[in-house]
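**Student:** Encoded as structure tokens, here's the structure I'll be asking about.
The values are calculated or read from the model by the stated rules, or taken from the named source; none is laboratory data. Quick caveat: nothing in here was measured; it's all calculated off a predicted structure. Neighbour counts are summed over all protein chains in view; Cβ atoms, including those assigned to glycine, are modelled from backbone coordinates with ideal geometry.
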Amino acid sequence: MKRRRFRLLSAALATLAGAVVLLTATELFPYHTTNHDEAVYLQQAAMLLEGQLSLYPPVPDSFRPWFFVRDGARLYPKYAPVPAAMFAVGKLLGGFRLALAGVAAANVALTVAVASAAFDRRTGLLAGAFLLASPLFLIDSSVFLPYAPTTFWNLLFAFAYLRSARREATGGASASDRGTNGYALLAGLAVGAAFFARPYTAVLFAAPFVAHAGYSLWVGPSAKRLTRLSLTALGGLAGVGVALAYNAAMTGSPTVFPYAAFAPQDGLGFGHREILGYARDYTPALALRANAEVVALLFTEWVVGGPVGTLLAAVGVGAFLRRVAPDFRRRSEWSPDLTDAQAKATLAGLFLTVVAGNVFFWGNLNVLGSLADPADGLVDTLGPYYHFDLLVPTAAFAAHGALLGLDRARALVGDRTRRRRAVVAGVALAGCVLLAGATAGLLAPTVADHAETTDAYEAAYQPFEERQLSNSVVFLPTPYGDWLNHPFQHLRNDPGFDGERVYALSDGPDDLAVVAAYPNRSYYRYVYRGEWTPFLGDPVDPALHRVRAVRGERLALNATLAVPDYAESVSARVSTGDESAYYGVAGTPENVSLGLRVSNGTARLAGPGVSSVGENATVPVGREDEIVVQVFVSDATGGFSYRLELPVRRTDGEVAALTPYREVCFVPDNCNGAAAYIEGAVPDGVRMETTLRANRSGQVARTENATARAPLDSRRGFESRG
């Protein structure tokens with residue numbers, strides 16, 4: 001194949017890869033995936049664009065993004081900044097997703113180049129096509145995760161290493177030496193960048209090439225070869241040095257990586273492993289079982305054609321081993337220069353190093369979720385992404401096996417040109433149809449799952465599309481713990497926490513600190529009704545509720561709650577922390593009117609027909625507290641409850657509060673986050689109206705736009721309606 005034609009076809013294939021990934025990223029993942037690490041890298045990319053390595057939020061506990069390490073008032077991500085820097089380049093060019101397209105195109109082009117160096121040009125082109133058609137490549141290249149970006153650096157290293165070794169073997173002039181040394185240094189810098197991005201991934205990928213380097217020095221040591229390999233090592237060590245310097249800047253120690261600072265037990269090897277309270281005893285037996293399952297999934301569902309592509313790769317590897325085994329047994333055939341067999345051997349070696357090396361990493365157990373359920377865990381929708389690098393040798397040897405079969409078909413036909421062309425074309429077409437059909441069958445359910453998740457996300461974020469929310473603070477719920485972007489990774493803050501919208505955790509008394517930090521904004525609370533399970537395709541009923549701040553010597557929260565006809569009794573409870581007070585309600589009126597009174601460090605309930613039950617009629621209110629009011633409406637089947645959460649803060653003889661969070665709980669497990677009161681989303685006969693007042697010096701005033709600062713500058717009280 002002529003060089004110009006080869007380059008045009010390579011460029012066309014790479015461009016196609018970029019276009020397909022850009023389309024997939026835009027249409028299938030507009031709100032990202034259920035792997036919330038995407039938000040970490042995007043937040044980090046935004047920080048790099050602002051020249052920041054750390055965040056300094058005004059209220060750290062209310063603004064801590066997912067997988068960020070807390071160090072006093074400073075927050076920094078647990079991940080290295082290399083993938084994020086690559087995504088940031090896309091933003092500079094017009095959008096983050098352009099980076100995904102660029103990385104995908106580069107990976108296909110480099111796969112073509114590496115496979116061509118190990119085999120020939122037609123094998124390289126087919127390998128690039130097989131990589132593009134691999135489900136794992138299509139899905140994971142379209143999301144903001146580090147696996148495709150790290151593979152780019154690994155492939156650049158492989159390409160530069162093979163090119164430098166080949167030029168050394170065939171060159172001789174000084175210009176050739178300069179080219180050889182340039183590629184050698186590029187190889188080192190590339191593997192150094194890969195190490196900075198994902199150290200263990202880079203080590204596993206580089207291992208076969210390091211073995212070849214050692215072999216070539218052992219068989220044929222020379223000054224030229226030593227210079228070339230020294231330059232590669234120097235470039236790699238430069239990357240290691242940058243990584244260690246970054247560690248020192250972030251964690252205070254060059255040998256402590258940020259991920260280890262975040263979770264010290266989340267590392268390599270066997271034994272006790274733990275992250276965020278989730279712990280496992282990662283034994284060798286469990287590791288082998290988990291990794292066997294991951295590798296089986298990779299080769300049956302996530303490579304091109306699934307089992308068909310795996311069979312072709314096995315044929316390619318088998319043919320290579322059968323051809324080179326006699327040469328390796330003869331010491332006289334060993335060559336210090338890079339041969340085609342040695343180049344193929346380095347690619348084949350990746351099967352060993354990546355598979356064996358991942359046994360020591362318990363992340364391969366975590367992506368599976370439950371080992372007994374093949375549809376559980378992130379591997380079901382995003383594939384075995386820790387083995388992403390294996391797509392390259394699989395595509396290369398599958399292309400080699402496919403072309404061997406095509407050449408065998410051509411040989412069987414004979415020399416009759418017209419008949420041979422027809423038969424070869426038919427075999428090639430049948431093979432393409434078989435691979436395309438198998439790949440489409442594997443991709444279809446995964447794409448459908450992601451489409452359902454995206455539909456659920458679209459419904460959940462609809463309130464944000466319907467309102468401008470300029471100069472606002474939006475309090476977000478915490479279904480997965482006290483983290484921003486987990487799960488709401490579409491809602492991210494600017495690095496300076498000064499964007500038109502600022503997102504904060506809805507976390508009780510800290511909400512008042514957020515209001516104080518942003519005194520001249522409008523406040524909203526994002527709420528939803530239903531379980532947050534977008535990965536099951538179940539959307540929630542979302543809403544944005546306006547929040548107002550009040551402050552005064554006394555607070556009065558008045559609530560009118562509807563009582564359905566079928567109710568048999570009504571009771572209430574007020575609690576702060578471990579302290580509770582219980583109340584009974586006389587009869588079952590059509591509406592229950594309650595008043596929560598907060599003053600002098602205590603809270604109590606009052607209202608028509610409301611009386612205290614038990615020893616305590618009040619509960620103490622701390623300096624920073626959350627008062628919870630629950631009204632139980634009981635019937636023969638159990639009934640339901642109204643729930644109000646009022647964040648309060650006492651300072652200088654006054655009490656500040658925000659509009660209460662309101663829920664209607666039919667299932668107790670859904671309370672405290674998944675049972676928000678949203679008109680139209682609760683049954684008929686269930687209704688809640690609330691009004692929050694702050695009284696000062698015996699006077700009460702009302703305003704629809706009270707802020708946390710206004711009461712400090714006025715002698716009036718303020719009212720907030722819910």
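**Student:** I'd like the residue in the stretch 334-390 that is under 17 Å from Ala165 (Cβ atoms) and either in a loop (DSSP other than H, G, I, E, B) or outside the structural domain of Ser222 (by TED's automatic domain parsing) (or both) and, out of all such residues, is modelled with the lowest pLDDT.
**Tutor:** Only one residue fits best here, namely Trp334.
**Student:** Tell me which residues, restricted to the stretch 442-451, are in contact (Cβ under 8 Å) with a residue 40 or more places away in the chain and over 18 Å from the mean Cα position of the chain (by Cα).
**Tutor:** Leu442, Leu443
**Student:** Another question, if that's okay. Given the criterion free of Cβ contacts under 8 Å to residues at least 24 places away in the same chain and not assigned by TED's automatic domain parsing to the domain that holds Leu512, identify the matching residue among Glu645, Glu626, Glu615.
**Tutor:** Glu615
**Student:** Do we have any residue at all in the stretch 153-168 that's within 24 Å of Asn35 (Cα to Cα), assigned by TED's automatic domain parsing to the domain that holds Thr24 and part of a helix (DSSP H, G or I)? Talk me through it step by step, then tell me what you get.
**Tutor:** To start, the set of residues in the stretch 153-168 that are within 24 Å of Asn35 (Cα to Cα) comprises 153-154.
Then keep just the ones that are assigned by TED's automatic domain parsing to the domain that holds Thr24; that gives 153-154.
Subset that is part of a helix (DSSP H, G or I): 153-154.
Yes, because at least one residue in the stretch 153-168 is within 24 Å of Asn35 (Cα to Cα), assigned by TED's automatic domain parsing to the domain that holds Thr24 and part of a helix (DSSP H, G or I).
**Student:** Going through Pro149, Pro199 one at a time, which residue ends up being buried (at least 24 other Cβ atoms within 10 Å of the Cβ) and at pLDDT 95 or above? Spell out the reasoning first.
**Tutor:** Details: Pro199 fails: buried (at least 24 other Cβ atoms within 10 Å of the Cβ).
Step by step, each of Pro149, Pro199 is checked, and only Pro149 is buried (at least 24 other Cβ atoms within 10 Å of the Cβ) and at pLDDT 95 or above.
**Student:** Scanning the stretch 305-324 for residues that are surrounded by fewer than 17 Cβ atoms within 10 Å (Cβ to Cβ) and not small (Gly, Ala, Ser), which turns out nearest to the chain's Cα centre (by Cα)?
**Tutor:** Among those that are surrounded by fewer than 17 Cβ atoms within 10 Å (Cβ to Cβ) and not small (Gly, Ala, Ser), it is Pro307.
**Student:** Are any residues in the stretch 218-260 of a type in the set (Ser, Thr, Tyr), surrounded by 17 or more Cβ atoms within 10 Å (Cβ to Cβ) and under 26 Å from the mean Cα position of the chain (by Cα), and if so, which ones? Outline the logic, then answer.
**Tutor:** Of the residues in the stretch 218-260, the ones of a type in the set (Ser, Thr, Tyr) are 222, 227, 230, 232, 246, 251, 253, 255, 259.
Keeping just the survivors that are surrounded by 17 or more Cβ atoms within 10 Å (Cβ to Cβ) gives 232, 246, 251, 259.
Those that are of a type in the set (Ser, Thr, Tyr), surrounded by 17 or more Cβ atoms within 10 Å (Cβ to Cβ) and under 26 Å from the mean Cα position of the chain (by Cα): Tyr246, Thr251, Tyr259.
**Student:** I'd like the full set of residues that are more than 36 Å from the chain's Cα centre (by Cα) and surrounded by fewer than 22 Cβ atoms within 10 Å (Cβ to Cβ), limited to the stretch 642-674.
**Tutor:** Passing the criteria: Arg650, Thr651, Asp652, Gly653, Glu654.
**Student:** Among the candidates Gly638, Gly601, which residue alone is touching a residue at least 24 places away in the same chain (Cβ under 8 Å), at positive phi, surrounded by fewer than 18 Cβ atoms within 10 Å (Cβ to Cβ) and small (Gly, Ala, Ser)?
**Tutor:** Exactly one residue qualifies, and that residue is Gly601.
**Student:** Now, a different point. Which residue is surrounded by the fewest Cβ atoms within 10 Å (Cβ to Cβ), if the candidates are limited to the stretch 261-304 and must be among the small types (Gly, Ala, Ser) and out of contact with any strand residue (DSSP E or B) (no Cβ under 7 Å at 6 or more places or on another chain)?
**Tutor:** Result: Gly277.
**Student:** Read through the list (1) assigned to a loop (DSSP other than H, G, I, E, B); (2) crowded, with 20+ Cβ neighbours inside 10 Å; (3) polar (S, T, N, Q), then give the number of the only condition that Thr453 fails.
**Tutor:** (1)
**Student:** Scan (1) over 30 Å from Arg467 (Cβ atoms); (2) crowded, with 18+ Cβ neighbours inside 10 Å; (3) charged (D, E, K, R) for the single condition Arg551 breaks and write down its number.
**Tutor:** (1)
**Student:** Next question. Would you say Arg273 is in contact with a Lys or Arg (Cβ under 6 Å, 6 or more places away or on another chain), of a type outside the set (S, T, N, Q) and farther than 26 Å from Gln52 by Cα?
**Tutor:** yes
**Student:** From the list Ala84, Ala109, Ala80, which residue is under 16 Å from the mean Cα position of the chain (by Cα), in a helix (DSSP H, G or I) and among the small types (Gly, Ala, Ser)?
**Tutor:** Going through Ala84, Ala109, Ala80 in turn, just one is under 16 Å from the mean Cα position of the chain (by Cα), in a helix (DSSP H, G or I) and among the small types (Gly, Ala, Ser): Ala84.
**Student:** For residues that are assigned to a loop (DSSP other than H, G, I, E, B) and more than 46 Å from the chain's Cα centre (by Cα), tally how many sit in the stretch 577-592.
**Tutor:** 5
**Student:** Here is a follow-up. Pairs only if they're at least six apart or on different chains, beta carbon under 6 angstrom, first in the stretch 427-441 and touching a residue at least 12 places away in the same chain (Cβ under 8 Å) and assigned by TED's automatic domain parsing to the domain that holds Leu404, second among the small types (Gly, Ala, Ser) and assigned to a helix (DSSP H, G or I); list them, first residue then second.
**Tutor:** Cβ pairs passing all conditions: Val427/Ala409.
**Student:** Still on this structure, please answer the following. Any residue at all in the stretch 703-719 that is at pLDDT 80 or above and touching a Lys or Arg at 6+ places or on another chain (Cβ under 9 Å)? Spell out how you get there, then give the answer.
**Tutor:** As a first pass, look at the stretch 703-719 and keep what is at pLDDT 80 or above: none.
No - not one qualifying residue is present in the stretch 703-719.
**Student:** Oh, and also: For the stretch 271-302, how many residues are in contact (Cβ under 8 Å) with a residue 12 or more places away in the chain, assigned to a loop (DSSP other than H, G, I, E, B) and either within 22 Å of the chain's Cα centre (by Cα) or not assigned by TED's automatic domain parsing to the domain that holds Leu434 (or both)?
**Tutor:** Residues that pass the stated criteria total 1.
**Student:** Taking strands (runs of 3 or more DSSP E) that do not extend beyond the stretch 496-576, which have at least 1 residues that are free of Cβ contacts under 8 Å to residues at least 40 places away in the same chain?
**Tutor:** The qualifying strands (runs of 3 or more DSSP E) are 501-505.
**Student:** Look at the stretch 45-58 and say how many of its residues are outside any loop (DSSP other than H, G, I, E, B) and closer than 19 Å to Gly72 by Cα.
**Tutor:** Looking only at that region, the number is 2.
**Student:** Tell me the residue from Ala187, Ala238, Ala233 that is in a helix (DSSP H, G or I) and closer than 24 Å to Ser54 by Cα, please.
**Tutor:** After applying the criteria, what remains is Ala238.
**Student:** Does at least one position in the stretch 128-150 carry a residue that is in a helix (DSSP H, G or I) and more than 30 Å from Asp449 (Cβ to Cβ)?
**Tutor:** No - not one qualifying residue is present in the stretch 128-150.
**Student:** Only one residue in Ala296, Ala279 is out of contact with any Phe, Trp or Tyr (no Cβ under 6 Å at 6 or more places or on another chain) and at pLDDT below 95. Which one? Reasoning before the result, please.
**Tutor:** Numbers: Ala296 fails: at pLDDT below 95.
Unique residue meeting the criteria: Ala279.
**Student:** For the structure I just gave you, tell me whether Gln52 is surrounded by 15 or more Cβ atoms within 10 Å (Cβ to Cβ), within 30 Å of Pro509 (Cβ to Cβ), in contact with a Pro (Cβ under 8 Å, 6 or more places away or on another chain) and at pLDDT 95 or above.
**Tutor:** no
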